[in-house]
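Q: I have a structure I would like to understand better, so I am pasting it below and will then ask my questions one at a time.
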Amino acid sequence: MYELRYDPQICEECETVDCLMRCQYINIDLEEAKKERQKIIAGQDSRVLHECATCYACEEYCPYDNHPFYLIVERQEQLETRPVPIPIVKQQIKMMGPRGQIVPQKVSAPVINMCFFPMLTGSIRGKLFEGASTIAGSDIFCNIMWLHFAKNSVIRERLPKMIDNITNYYLKDSGVDEVICFHDECYGAYTKLAPAFGIEVPFKTIHLYEYLTKRLWELKDHIKPVNEVVAYQRPCSNRLIPETQHWVDEIFELIGVVRPDREYDRENALCCATLIRAMQREELADEIQNKNIDDMQAVDAKYCVFNCPMCLMTLREMVEERGMTPIMMSDLCQIALGESLWG
Amino acid sequence: MEYAEILHRCFRCGYCKLPSSYQDLNCPSYLKFRFETYSPGGRMWLLREWLDGGIKTSERFQEILYSCTACGNCVEHCIFPKFKADLLNAFTAGRVELVDRGVLPRLVSRYFKAIYNYGNPYKLLKEERGKWAEGLDIEIYKDHEHLFYVGCAGSHDERGQKMTRAVASLMKRLDVSFGILGADEICDGNEVRVMGEEGLFEHLAKQNIETFQKAGVNKIITLSPHAYHAMKNYYPFFGGSFQVLHYTQILAGLIGKAGFTMPSKPLKVTFHDPCYLGRHNNDYFTPRVVLGAIPGVEIVEMDRSKVDSLCCGGGGGNFFTDILGGGPDSSSRVRAREAAETGAEVLAVACPKCAKMLDDAIKAEDMEEKLRVMDSAEILIERLVQANEENETATSVSR
Amino acid sequence: MKDVYQQLVSIVGPAYASNHPEERFFYSRDGGTMEPREPDFVVMPKTTDEVQQIMKLANEREIPVVPMGGGLVLSGLSRPLKGGIVLDMKRMNRILEVNETSRYVVVEAGASQGMLQAYLKKHHPKLKHSVPDAPPIATIAGNVLIHGSGHLSAMGGFHTDMLNGLEVVLPTGEMVRIGSCSTSPYWFSRFPLPDLSGLFLGWAGTTGVATKIAIKLYPNRPFNDVIIFVTEDPEIVPDVIHRLSGVAVAEDILAWMTPKPVWAHGFQMLNVNYGADSRRELTLKRDLLRESVSKYIDEKVGGFMPLPPDMKKRFLEAPASTLAVFADVNKGGGFEYVGGIMPIELFPEAYRKGLEVASKHAVTYSLGARIIGLGHCMMFFYAYAFNRADEADVKRAQQALEDTNGMVLEMGGIPWKAEAPAQKQIINKMHPPTYELMNRIRAVLDPKGIMNPGNWEVS
């Protein structure tokens, strides 16, 4: 059930092996890349399965949308290469499991899906979110995170239930058929991950940034340009949905902030490194974080803007220490609308 | 007894006695008496034992219950999230039980009786109520935007009156539309409520609500945070929903815009948060905005401020009953010493009870030379006078 | 007894001596499961001189005296088993001297942990003391005198190991100084003199009343971190502790095992706290700690939890305020624990047997272990919550505690700050001449047997 939609032939015929050649964490030449690719296809152990930082980027780099990253995760699980120590994986599986606390709730559009971050529902306020309903909790967690833990099996087991929960507890009886995903992870899970595993998603998903762009256009007269330089922390899950990237620039333009070119942004974005720490690769995590934050500082960013709450939690302190202000994208938009962040 | 079901859940861990920094005792009655029995945990355990009949009602037991100033430090710092909010409610319920059983300290019954008979604890006739306003040209409330509700201490206590006059004069000068009830004003009942006389509180609240409604009052400015608390949070239960503001909340928006000329000499001020504005209503910001808006005023914080503020000792009826009592370990004196340590010249207050308690404490500590208690209106008016004098001197010199 | 009360009043003043039922009720018990024992008087002295006067009076009239600090021991040690006077020491709470260079502080015996913490933070921000996980109102002296441990125990051992000196009032009323302060104006060490402090440490208040105490202070470093090692194999834990503590950079190592939240159930977590003077040093220390257990990480049977800085805050708090909240898990207002002091290698057995006892008595439990010194031993704790309003539940917890005390002794550990019944269990296992020596010492110090009688006694 829920077979990965992966075509080995596409990979076998691929001459550029972008998935590995462009990888920021594995240093490899084309010849070796081809060999390692073959091993992965054949279900054999490969250095890639051990060195992969699970940053999702190869999903973006693959010109054929053939899901090279999902396959890597599939093989890591099958071959038990265990990127993360066993007890840590088990503990996370318990920690992030559905608690069965969901109760039916009438919602009305727009419905903002806050995923497993109920503590962020305070961000849903002000003119941007007038009349919005929020849904959140362990029982609607998108479960995409298991890609970092070599646990596609958990995705297969949990994601369909979550989709059912959203449909049956919230949307169906409310006559709503679309949710706005606050977080890239959910949007990526419902629009890319689920289809790749043949998991059906009966509702429509809208990216938060699309919604914000629309609202900002409507509220254009209220916008006071922020007039600051920002650095954007692109989360790993955005690698699954690069087509949403343009909204970031559009929003920044609307609210009057500048996102200067920097080395580790866009297709060369760096991971926040929390999951690299879970892999116990602390030195690599330190290196990535330092490179990333040095790079933000080099463009004199005033704000470091986040989409992912986990990236925010991970990098907040470091960003602050360097004199930048960490902020969620929606909060930054609220500043542009002259709204106080504390109500 | 209401809230009896939480009494056994106290672990007597003692976080309730302390501020966030743990630096010193922050529960006024425990600070003064030092027996564990006078701490919030002590009250929890004793109340339970008393309800179970293990200990009898005694003067000591009454003193333990009535020396609580209801300052809310225990609620703020108790580490049990599931019942901490009801700690003070439980102590109030204990006092309600004493009232119901008719076993009250003499000072407390006297207090209730005075309020019942006179509408104030000073046993003064109603004609005395508005006398503080003499010579200030303040109108009786008619169709003003606000009613200025002064309260008992602000109307009858000498120190309170001084503050009332300053606040009223300043509001006039800032063109705030307000009137007072004068002789028709009676006690707001906040202390009566906390001291457990629910019936009398209901009586006072209803009477006040009726008076306000008859006069067509919509917005109320209170001098005292105690009245502010009662009217804002309890009067709605009796059908009285008004927009209630503490006077600092009116001043905050106006002082900055007034463009007052101030004397050149800066003034170092430390602010003492009143419990009923701060911990009970979570407003630590406004009174600081008011002080900050007075040109030349520099605010220095005491170690214990905002949620960690040490109560002046006047709450829970202790302003009148003085069950908490004086002495070097009384919280008003400890607080006065703490204020002096900041090097401030003025200990700023926003409550007439705090003003009186801390004034007396400074006298008892013999610190009148270096520290004065003033409310923000008093500070502002004094500085206006000083600025005038400076100006006149400058003019006469230039002549 | 009336005249005793009058005399106590004349010593401390009427405000600070009580024979009222309210105080007699409250001071008859603590937050644990032990049955109440009422004092006749509760007295709060302000000075050493007052303590001496009280002791002389008590000695003359043969009235039991029980000194009490925060009263937070939970095992009922400050209940007056034979009535008499409870000395609440918390009015003697001055911080007398901080020596920055030689890193020590002298305080009166009633000074609280929290007060010293705040005082150092304000006046000597580069220094700290080892804070136990008792609530901050706990006294410094009380904790040292019972052989406490805390947030610097992986560095400095038991709090008794951090003791520099004592001022004690003997049961007969004389005041003595112990340690360098007996011979020098400085409180720098207990040595090189004959170490008389042992006469007063671990005796449960049966040998005298401490009035002043000096303890060692430690660097308070500006950068601090905690890493949490997780495994589900208790058998490897002793070696993991041995390795982590052997690096000698940890300030505190604390194991915890609890059925709630669900993600903690079945795992053994080891918090390792450490500090540094720079970010770089902090990273180096982290790497050293990780390197020490790389064997287990490579084998994938253990690793460090990925925790963003925000989530670490509660693990960096001293004392951990969340610990006391365990008392309210079942809305019951109480817990008590057995702290078994034992060698590290007993961890797997101690853990398994703890689960067995908890399951047998169906008590809500929380287990853990604070590592003492560089893995020299540990204080393995078995905490059981109970509902104070339900007598049967209190009894059940009491029974579980008694079983646990027995189990700890049987394994080769020794219960810490043991309840009076557990003290008897210990004595039964003790080499008899040792107990005999204890009694001889007590007889010399306290000829009339007035100090916390009922403790360290067989019958």
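The values are calculated or read from the model by the stated rules, or taken from the named source; none is laboratory data. No experiment lies behind these values; they were computed from the predicted model shown. Using ideal geometry, Cβ is built from the backbone for each residue, glycine included, and neighbour counts are taken over all protein chains shown.
Q: Here is a check on your reading of the model: is A:E200 acidic (D, E) and either modelled with pLDDT under 95 or in contact with a strand residue (DSSP E or B) (Cβ under 8 Å, 6 or more places away or on another chain) (or both)? First the steps, then the outcome.
A: On the way: acidic (D, E): yes; either modelled with pLDDT under 95 or in contact with a strand residue (DSSP E or B) (Cβ under 8 Å, 6 or more places away or on another chain) (or both): no.
For A:E200, the condition - acidic (D, E) and either modelled with pLDDT under 95 or in contact with a strand residue (DSSP E or B) (Cβ under 8 Å, 6 or more places away or on another chain) (or both) - is not met.
Q: If B:E128 satisfies all but one of (1) of a type outside the set (A, V, I, L, M, F, W, C); (2) outside the structural domain of B:A215 (by TED's automatic domain parsing); (3) closer than 22 Å to B:G317 by Cβ, what's the number of the condition it fails?
A: Exception for B:E128: condition (2).
Q: Return the total of residues in segment C:183-242 being more than 14 Å from chain A (Cβ to nearest Cβ) and assigned to a strand (DSSP E or B).
A: 10
Q: Identify, please: which residue in segment A:324-343 is part of a loop (DSSP other than H, G, I, E, B) and buried (at least 16 other Cβ atoms within 10 Å of the Cβ) and is, among those, farthest from the other protein chains (Cβ to nearest Cβ)?
A: Ranking the qualifying residues of segment A:324-343, first place goes to A:L337.
Q: Would you tally the residues in segment C:258-278 being of a type in the set (G, A, S), more than 15 Å from C:A320 (Cβ to Cβ) and either assigned by TED's automatic domain parsing to the domain that holds C:P132 or buried (at least 18 other Cβ atoms within 10 Å of the Cβ) (or both)?
A: Step one: filter segment C:258-278 for residues of a type in the set (G, A, S), giving C:264, C:266, C:275-276, C:278.
Narrowing further to those that are more than 15 Å from C:A320 (Cβ to Cβ): C:266, C:275-276, C:278.
Filter once more, keeping what is either assigned by TED's automatic domain parsing to the domain that holds C:P132 or buried (at least 18 other Cβ atoms within 10 Å of the Cβ) (or both): C:275-276.
Total meeting the criteria: 2.
Q: Being in a loop (DSSP other than H, G, I, E, B) and either surrounded by fewer than 17 Cβ atoms within 10 Å (Cβ to Cβ) or more than 14 Å from chain B (Cβ to nearest Cβ) (or both) is the filter here; which residues of segment C:1-33 pass it? Lay out the reasoning, then the answer.
A: Taking segment C:1-33 and keeping what is in a loop (DSSP other than H, G, I, E, B), we get C:1, C:13, C:19-20, C:27-33.
Those that are in a loop (DSSP other than H, G, I, E, B) and either surrounded by fewer than 17 Cβ atoms within 10 Å (Cβ to Cβ) or more than 14 Å from chain B (Cβ to nearest Cβ) (or both): C:M1, C:G13.
Q: For segment C:369-378, check the following and say yes or no: at least one residue is outside the structural domain of C:P261 (by TED's automatic domain parsing), more than 20 Å from the chain's Cα centre (by Cα) and either in a strand (DSSP E or B) or free of Cβ contacts under 8 Å to residues at least 40 places away in the same chain (or both).
A: no
Q: Something else now. Can you work out which of the residues in segment C:256-274 that are touching a residue at least 24 places away in the same chain (Cβ under 8 Å) and β-branched (V, I, T) is nearest to C:S245 (Cα to Cα)?
A: Of segment C:256-274, the ones touching a residue at least 24 places away in the same chain (Cβ under 8 Å) are C:256-260, C:266-274.
Next cut, β-branched (V, I, T) only: C:258, C:272.
Details: C:T258: 22, C:V272: 9 Å.
Residue satisfying both the conditions and the ranking: C:V272.
Q: Could I ask something else about it? Could you tell me which numbered condition B:G41 fails, if it satisfies all but one of (1) part of a loop (DSSP other than H, G, I, E, B); (2) within 12 Å of chain C (Cβ to nearest Cβ)?
A: B:G41 satisfies all of (1) part of a loop (DSSP other than H, G, I, E, B); (2) within 12 Å of chain C (Cβ to nearest Cβ) except (1).
Q: For segment A:81-101, which residues satisfy the criterion of being part of a loop (DSSP other than H, G, I, E, B) and surrounded by fewer than 21 Cβ atoms within 10 Å (Cβ to Cβ)?
A: Passing the criteria: A:T81, A:R82, A:M96, A:G97, A:P98, A:R99, A:G100, A:Q101.
Q: A further question follows. Looking at A:I288, A:I276 in this structure, which one is of a type in the set (A, V, I, L, M) and either in a loop (DSSP other than H, G, I, E, B) or under 17 Å from the mean Cα position of the chain (by Cα) (or both)?
A: Details: A:I288 fails: either in a loop (DSSP other than H, G, I, E, B) or under 17 Å from the mean Cα position of the chain (by Cα) (or both).
Matching residue, one of A:I288, A:I276: A:I276.
Q: How many residues, within segment B:1-16, are more than 9 Å from every other protein chain (Cβ to nearest Cβ) and part of a loop (DSSP other than H, G, I, E, B)?
A: Residues flagged as more than 9 Å from every other protein chain (Cβ to nearest Cβ) and part of a loop (DSSP other than H, G, I, E, B) within segment B:1-16 amount to 3.
Q: For segment B:17-31, enumerate the residues that are more than 9 Å from chain C (Cβ to nearest Cβ) and part of a helix (DSSP H, G or I).
A: Selection gives B:P28, B:S29, B:Y30, B:L31.
Q: C:N455 fails exactly one of the following numbered conditions: (1) more than 19 Å from the chain's Cα centre (by Cα); (2) assigned to a loop (DSSP other than H, G, I, E, B). What is the number of that condition?
A: (1)
Q: Further question: Pairs please, first residue from segment C:304-317 and more than 7 Å from every other protein chain (Cβ to nearest Cβ) and crowded, with 18+ Cβ neighbours inside 10 Å, second anywhere and assigned to a loop (DSSP other than H, G, I, E, B) and aliphatic (A, V, I, L, M), Cβ atoms under 6 Å, 6+ apart in sequence or on different chains.
A: Cβ pairs passing all conditions: none.
Q: I'm trying to understand the selection: among the residues of segment B:51-72, which are away from chain C (no Cβ under 13 Å) and over 17 Å from B:E2 (Cβ atoms)?
A: Start the filter on segment B:51-72 by keeping residues that are away from chain C (no Cβ under 13 Å), which leaves B:66, B:68-72.
B:Y66, B:T69, B:C71, B:G72, listed by residue number.
Q: Counting only residues that are surrounded by fewer than 18 Cβ atoms within 10 Å (Cβ to Cβ), closer than 15 Å to A:D286 by Cβ and more than 9 Å from chain A (Cβ to nearest Cβ), how many does segment C:287-303 have?
A: Looking only at that region, the number is 2.
Q: Taking helices (runs of 4 or more DSSP H) that do not extend beyond segment A:161-270, which have at least 1 residues that are exposed (fewer than 13 other Cβ atoms within 10 Å of the Cβ)?
A: Values: elements: A:184-188, A:208-218, A:245-255.
The helices (runs of 4 or more DSSP H) meeting that bar are A:208-218, A:245-255.
Q: Give just the number: which of (1) surrounded by 20 or more Cβ atoms within 10 Å (Cβ to Cβ); (2) out of contact with any helix residue (DSSP H, G or I) (no Cβ under 7 Å at 6 or more places or on another chain) does B:P81 not satisfy?
A: It fails just one condition, (1).
Q: So, one more: Evaluate the following for C:K331: is it within 14 Å of another protein chain (Cβ to nearest Cβ), in contact with a Lys or Arg (Cβ under 7 Å, 6 or more places away or on another chain), surrounded by fewer than 22 Cβ atoms within 10 Å (Cβ to Cβ) and more than 25 Å from C:Q117 (Cα to Cα)? Give the derivation first.
A: On the way: within 14 Å of another protein chain (Cβ to nearest Cβ): yes; in contact with a Lys or Arg (Cβ under 7 Å, 6 or more places away or on another chain): yes; surrounded by fewer than 22 Cβ atoms within 10 Å (Cβ to Cβ): yes; more than 25 Å from C:Q117 (Cα to Cα): yes.
Criteria met by C:K331.
Q: Looking at segment A:292-323 only, could you name the residues that are more than 14 Å from chain C (Cβ to nearest Cβ), surrounded by fewer than 22 Cβ atoms within 10 Å (Cβ to Cβ) and part of a loop (DSSP other than H, G, I, E, B)?
A: Answer for segment A:292-323, where residues must be more than 14 Å from chain C (Cβ to nearest Cβ), surrounded by fewer than 22 Cβ atoms within 10 Å (Cβ to Cβ) and part of a loop (DSSP other than H, G, I, E, B): A:V299, A:D300, A:K302, A:G323.
Q: May I ask you to verify whether C:D403 is in contact with a His (Cβ under 9 Å, 6 or more places away or on another chain), modelled with pLDDT of 95 or more, among the acidic types (D, E) and crowded, with 16+ Cβ neighbours inside 10 Å?
A: yes
Q: I need the full set of residues from segment C:406-437 which are without any contact (Cβ under 8 Å) to a residue 40 or more places away in the chain and either in contact with a Leu (Cβ under 7 Å, 6 or more places away or on another chain) or under 18 Å from C:L145 (Cβ atoms) (or both), in order please.
A: C:Q425, C:I426, C:K429, listed by residue number.
Q: Among (1) more than 13 Å from every other protein chain (Cβ to nearest Cβ); (2) assigned to a loop (DSSP other than H, G, I, E, B); (3) under 19 Å from C:V4 (Cα atoms); (4) of a type in the set (D, E, K, R), there is one condition C:E38 misses while meeting the rest; what is its number?
A: Only one criterion in (1) more than 13 Å from every other protein chain (Cβ to nearest Cβ); (2) assigned to a loop (DSSP other than H, G, I, E, B); (3) under 19 Å from C:V4 (Cα atoms); (4) of a type in the set (D, E, K, R) is unmet by C:E38, namely (1).
Q: Return the only residue of A:I102, A:I144 being under 30 Å from C:Y296 (Cβ atoms), of a type outside the set (D, E) and more than 14 Å from every other protein chain (Cβ to nearest Cβ).
A: The conditions single out A:I144.
Q: Still on this structure, please answer the following. Taking segment C:64-94, which residues are on the phi < 0 side of the Ramachandran plot, of a type in the set (A, V, I, L, M) and within 20 Å of the chain's Cα centre (by Cα)?
A: Selection gives C:V66, C:M68, C:L72, C:V73, C:L77, C:V86, C:L87, C:M89, C:M92.
Q: Between residues in segment C:133-147 that are more than 12 Å from chain B (Cβ to nearest Cβ) and residues that are charged (D, E, K, R), which pairs lie under 6 Å by C-beta distance while being six or more apart or on different chains?
A: Every condition considered, the pairs that remain are C:I146/C:K417.
Q: Taking segment C:34-47 only, how many residues are farther than 30 Å from C:V325 by Cα and surrounded by fewer than 22 Cβ atoms within 10 Å (Cβ to Cβ)?
A: So the answer is 3.
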